[in-house]
Amino acid sequence: MQSIIHKLGFIAVLLTTVSAFDINANSLQHLDSETTAEQASKAVTNKSNQQTLASELSSDETPAVITNLNQVDQALDSQGLTEEDSHNVNGLLNQLHESAMSANWESYFSLYHPDAIFIGTDANERWNMEQFKQYATPTNGWRYDLQARHLLQIGDVIVFDEQLYSPSYGISRGTGALINTEQGWKIAQYHLSFPIPNDKAKRITSLIKQ
């Protein structure tokens, strides 16, 4: 009888131990599941945050910073000009861009010779001063920041080319000529263009042909 009681007791202890092990195992498994789910949720959240940040970085535009066009740290050079003429012509061209940026058309057109020609970026834009005024004066102006400029004097004429940066169009180029008058140097011609990289020329010109 005592042997049976001992056996029953041993079986009861064994069943209790197994039950306790199952409970602990289920708890650990549940804990592992919660940890895995939490980690997955955090990973999704982090990925979403990274995608949002990347989207914000790609969509945000850097605010345009207006530069002082009178500063002389750009790449400037002149050939054949006196120091005074170089200073005056650079100042005149700087004033041209500043006046256009602030839409100060009285100042802007005072820098041109009355018989000057402006050639714009479109093939049809070859304007005398009256035509150019009709185009420009209703607008709020335009902005082209100086990056480099080259001056060359030949006799009484100064020719120039300058590399500009437009927030709207990127790299741009201005070329032209100035003549010496009783009122000082005046612009006789200004030509604004967009340089096309050689490796993109055929693609761009094919679009223009359409």
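Some points to look at:
- Of all the residues in segment 185-197, those that are outside any loop (DSSP other than H, G, I, E, B) and more than 13 Å from Asn90 (Cα to Cα) number 6.
- Candidate set from segment 170-181 (those that are surrounded by 14 or more Cβ atoms within 10 Å (Cβ to Cβ) and among the β-branched types (Val, Ile, Thr)); member that is nearest to Ile119 (Cα to Cα): Thr175
- Number of residues in segment 89-122 that are in contact with an Asp or Glu (Cβ under 7 Å, 6 or more places away or on another chain) and at positive phi equals 0.
- Filtering segment 116-140 to residues that are in contact with a Leu (Cβ under 9 Å, 6 or more places away or on another chain) and either surrounded by fewer than 13 Cβ atoms within 10 Å (Cβ to Cβ) or in a strand (DSSP E or B) (or both) leaves Phe118, Ile119, Thr121.
- Within segment 87-96, the set of residues being polar (S, T, N, Q) and open to solvent by less than 20 Å² (accessible area, probe 1.4 Å) comprises Asn94 only.
- Residue in segment 160-169 that is of a type in the set (Phe, Trp, Tyr), assigned to a strand (DSSP E or B) and either open to solvent by 20 Å² or more (accessible area, probe 1.4 Å) or under 22 Å from Ser107 (Cβ atoms) (or both) present: yes
- The single residue among Trp105, Trp185 that is farther than 27 Å from Leu81 by Cα and surrounded by 13 or more Cβ atoms within 10 Å (Cβ to Cβ) turns out to be Trp105.
The values are calculated or read from the model by the stated rules, or taken from the named source; none is laboratory data. It should be emphasised that the depicted structure is a prediction, and the values quoted were computed from it without experimental measurement. Heads up, the Cβs are rebuilt from the backbone with ideal geometry, glycines too, and the neighbour counts pull from every protein chain shown. The area values use the complete protein model at the heavy-atom level, side chains included, leaving out ligands, DNA and RNA. Shrake-Rupley method; radii C 1.70, N 1.55, O 1.52, S 1.80 Å.
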